[in-house]
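The values are calculated or read from the model by the stated rules, or taken from the named source; none is laboratory data. From a predicted model like this one, the values you see are computed outputs, not experimental measurements. Cβ atoms come from the backbone with ideal geometry, glycine included; neighbour counts cover every protein chain shown. SASA here: full protein model, heavy atoms, side chains in, ligands and nucleic acids out. Shrake-Rupley method; radii C 1.70, N 1.55, O 1.52, S 1.80 Å.
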Amino acid sequence: MWKPSACILCECNCGIEVLVGDDGRSFDKIRGDKLHPASAGYTCNKALRLGLHQNGDTGRITHPLRRKQDGTFEEIGWDTAISEIAARLGEVRDAFGGETIFYYGGGGQGNHLGGAYSPATLAAFGARYRSSALAQEKTGEFWVSARMLGNMTRADFEHCEVALFVGKNPYQSHGFPRARSVLKEIAKDPARSMVVIDPVRTETAELADFHLQVRPGTDLYLLTALAAVLVQEDLVAADWLAAHADGLDAVTAVLRQVPVAEYCAVADVDETLVRAVATRIAAADSVAVFEDLGVQMNRDSTLVSYVEKLVWLLTGNFGKRGAQYVPSSLVPIGRDRGHAGDEGPRSPVAGARIISGLVPCNVIAEEILTDHPARYRAMLVESANPAHSLADSARMREALAALELVVVIDVAMTETARLADYVLPAPTQFEKFEATFFNFDFPRNVFHLRHPVVAAPDGVLSEPEIHARLVEASGALTEADYAPLRTAAATGRAEFAQAFLGALADPVKRRLAPVLLYRTLGPTLPHDASAAAVLWMAAHECARKNPAGVEKAGYGTGLAAGERLFEAIVDGAHGVHITDDEQDASWQRVPRGRINLDVPELLAAVAALGARPVPSQDEDWPFVLSAGERRAFTANTIMRDPTWRRRDQEGRLRISVTDALKLGVTTGDQVRLTTRRGSAEVTVDTTETMRSGHISLPNGFGLTVRERTGVAPNELTAAEDRDEWAGTPWHKHVPARLEPLG
Ligand SMILES: Nc1nc2c(c(=O)[nH]1)N[C@H]1C(S)=C(S)[C@@H](COP(=O)(O)OP(=O)(O)OC[C@H]3O[C@@H](n4cnc5c(=O)[nH]c(N)nc54)[C@H](O)[C@@H]3O)O[C@H]1N2
Ligand SMILES: Nc1nc2c(c(=O)[nH]1)N[C@H]1C(S)=C(S)[C@@H](COP(=O)(O)OP(=O)(O)OC[C@H]3O[C@@H](n4cnc5c(=O)[nH]c(N)nc54)[C@H](O)[C@@H]3O)O[C@H]1N2
Ligand code: SF4
Ligand SMILES: [Mo]
């Protein structure tokens, strides 16, 4: 029988349908789901072999595990696991304070529903600090967006006249619905243009009208030159800016002074090409822009995010079709409070900025490997593989070993799970209700609560159930808390709403709300969808914050709209539209409806750029390594079975033909790749797509299932190499050298 679900390999989460075999387990066929409201039948090559995530050789775990003295693991029962973990978290809290319990993760590319219950566990044990992968990619951009627009933005590539990609290769990495089709549509339409800023001639650059093949790590110069041309050649949208933006004078004063030719030379991009791009952008009715890891995991990333936003704001590309927008959300992700300058929360040991509630990933080890009294003592890891995905894996392993307690919730025995004291096995995303919170579409935003496709094996427990049991074992919630809510839920939704609001009057209960909902409203939901209980609150919030969009999407008005939206989500196994916005909705999501162009500390840094020494190559490290490139067969560390890859099975190091000749190596040869932090043997692939001096390794390799496949990029990266504002890593800019191996 064909069953609807979604691909879990990138943030797009395309709808799929799975033909489950007679054994009730095997994925006999997978196809795109035409009924999915965002992907409408589209998938890329990666989805079609998802069966290998479900049934492949992945190191799946199906019993709770406890580490023994000798370092091996033993299977234990769930009651033992929960009571021991709760007791040990309690001991850490009593001895050092709950704020020394650190939470990492909460969802990969397709699963955020379980993580939505984690705040209750954190509250139950007094934990305060947390982080996730977002704090090594997007937090710099969040911080900038909070200051300029009060909100994060996305862009409408489907309808834009000009698409601009900065350090982003959507042909492989996607990031918006039906990416490959949309890119091809832009490429073949003579009235539309595509601009790509990337040192590599990527599949996306290949389709572009303008490829600015920037010198790695110099995007700040290039984008500042581009923004300066807009100002110096009077290409800015002056009337629009007067009506919508503050701070223009301060920004133009700085950009007028920029020596465009000099900056283009630093970036090694032809000045006439930069001027032509500025002209094309200024002439377009709409421009959609996507900046991603090529700049966000690189030098000056936060400043680049700022100047990138200046480019589209100076040309009036916000709040109209084909341009940037602020999406509605069911569960907000990545919103920063926007504290000015040095205000706002900091991490307890390193004093690093906490953005959107997340401690920068690159300081986590530093927060542990110290004798500082506020150091983290315990870590709860959920659906993440930090021992593999964070900078400097060796140091991360050391940090995990130094903790009093490490608990990992995962589906597989990952690189991180192997270092844990307890490993708690969860059902896969095809064995339970699951959802992603990466819902950023506009004007019609979508949400997809996926129903289980196959049964879960005995011995695993879903994340909501794990969190509920941990909270109960802590003593924070008991049957006495549930009883009145259960009675109300049995009577009706309106009665439940009233009783629940009453319970939330107690601030302690408010923080435990997800588990309260799960245990009381949960069992009353259709399809056994208890895990969706937390979405009830989210649906009401969404209806309250976006009344017009929710009404236009067909859910009516007032309290009833929230209830109808929730019911549609629970029943809509193919995904549903949650809001249908007017363009104006973006403006309503910007505080006071005005954009702020002048972020003083960032603008000052842009103004000071000319006084900085021009970046130069260190002779000992003649190459810049991009450690972790998205390719046709990479998917973070979600796909553990190496046979999933049809091509590039060993994850080759890409190098320019010129450099390969100089080194005397050719495709298939082995080289030693060395960075300041580590060294690895790797097979090279020579290509015309790379600039001389630039080399790249794919992401997601170096996993060990039976044996290790390929190079784990973070054995080569260093935690200190990070952005001064947001603490995000420079994974795309690792100084390196190569030696041929006979
Ligand atoms: N196939 C596949 N798709 C994925 C994923 C996956 O693992 N595999 N992961 C998903 C995730 S978690 C994310 S965050 C996204 C990331 O998606 P992307 O950011 O698109 O992915 P990357 O390939 O890491 O980096 C993008 C580009 O940055 C370029 N780059 C390197 N150095 C520089 C530089 O100095 N300047 C500029 N301008 N560009 C540079 C690289 O050449 C590369 O083409 O992809 C998502 N999609
Ligand atoms: N050097 C370098 N490092 C990088 C990057 C890079 O480009 N270069 N990219 C970075 C980026 S952008 C990202 S997003 C991160 C990603 O790195 P992480 O945040 O660590 O996430 P994933 O690799 O996606 O791992 C997800 C984990 O969730 C588990 N999992 C899957 N389904 C479930 C489930 O239903 N429940 C539970 N509990 N677990 C489940 C998987 O087994 C896996 O262990 O890597 C980052 N690291
Ligand atoms: S990898 Fe991403 S774009 Fe490809 S099918 Fe899966 S969700 Fe869709
Ligand atoms: Mo990511």
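Could you tell me the relative contact order of the chain? Use alpha-carbon pairs under 8 Å, at least six residues apart, and round to a whole percent. Mind dumping the intermediate values first?
Values: 1651 pairs, mean separation 138.2, N = 742.
Answer for the chain is 19 percent.
Across the range 323-331, rounded Karplus estimates of 3J(HN,Hα) from the backbone phi angles (6.51 cos²θ - 1.76 cosθ + 1.60, θ = phi - 60°) give 10, 6, 9, 10, x, 6, 8, 8, 10 Hz, Gly and Pro being marked x. Can you work out the PRE-style zone for H527? Point 7 Å along Cα to Cβ, and I want the residues of the range 553-586 with backbone N under 11 Å. Only 567-576 pass the distance filter.
A straight line joining the Cα centroids of the range 102-117 and the range 189-234 runs 35 Å.
In this structure the chain gives 37 Å² per residue of accessible area when probed at 1.4 Å with all protein chains present.
Straight Cα distances below 18 angstrom link K34 to the lysines K3, K46, with same-chain residues fewer than 8 positions distant left out.
Checking the table K320/K552; K168/K188; K138/K552 against a 22 Å threshold on Cα-Cα, which pairs fail? Don't skip to the answer; put the middle values down first.
On the way: K320/K552 18 Å; K168/K188 20 Å; K138/K552 31 Å.
Going by Cα-Cα distance, K138/K552 fall outside the 22 Å limit.
Coupling constants for the range 13-28 follow from the phi torsions by the Karplus curve (6.51 cos²θ - 1.76 cosθ + 1.60, θ = phi - 60°), and in residue order they are 6, 3, x, 10, 10, 10, 8, 7, x, 4, 6, x, 10, 6, 9, 6 Hz; glycine and proline get x. In terms of its C-alpha gyration tensor, the range 9-96 comes out prolate, because a/c is 1.5 or above and the ratio a/b outweighs b/c.
Using only the alpha-carbon atoms of the range 433-566 as identical scatterers, what base-10 log of I(q)/I(0) does the Debye formula give at q = 0.16, 0.17, 0.20, 0.22 Å⁻¹? Log-scaled intensity ratios, in q order: -0.92, -1.02, -1.29, -1.42. Between the range 312-328 and the range 568-640, the C-alpha centres lie 15 angstrom from each other.
Pulled fully out, how much extra length does the chain show between A238 and R510, if you take 0.36 nm times their separation in residues and subtract their Cα-Cα distance?
Working: separation 272, 0.36 × 272 = 97.92 nm, distance 4.72 nm.
Length difference between fully extended and current span is 93.2 nm.
Amide hydrogen proximity for I578: with H placed 1.01 Å from N in the peptide plane, the residues at 5 or more positions away or on another chain lying under 5 Å are N445, V446, F447.
Here the chain carries DSSP beta bridges of which approximately 50% are antiparallel, counting only pairs with both residues inside. The overall shape of the range 617-741 is oblate: from the C-alpha gyration tensor, with semi-axes ordered a ≥ b ≥ c, the ratio a/c is 1.5 or greater and a/b is no larger than b/c.
Placing T100, T658, T686 in order of accessible area, with the largest value first and a 1.4 Å probe, yields T658, T686, T100.
Loop-located trypsin sites (Lys or Arg not before Pro) in the range 556-647 (DSSP state other than H, G, I, E, B) with a sparse environment of at most 12 neighbouring Cβ atoms within 10 Å: R646, R647. Accessible surface of I197, taken over heavy atoms with a 1.4 Å probe and every protein chain present, rounds to 0 Å². Scattering from the chain was approximated by placing one identical point on each alpha carbon and applying the Debye formula without solvent; log10 I(q)/I(0) at 0.08, 0.11 1/Å stands at -0.64, -1.27. What you get for the range 174-278, charging only the Cβ of Lys and Arg (+1) and of Asp and Glu (-1), is a dipole of about 420 debye around the Cα centre. Distance between the 7 Å Cα→Cβ label points at E707 and T491: 6.7 nm. Across the range 592-608, coupling constants 3J(HN,Hα) worked out from phi with the 6.51/-1.76/1.60 Karplus curve, θ = phi - 60°, read 6, x, 10, 8, 10, 7, 9, 9, x, 5, 6, 5, 4, 5, 5, 4, 7 Hz, and Gly and Pro carry x.
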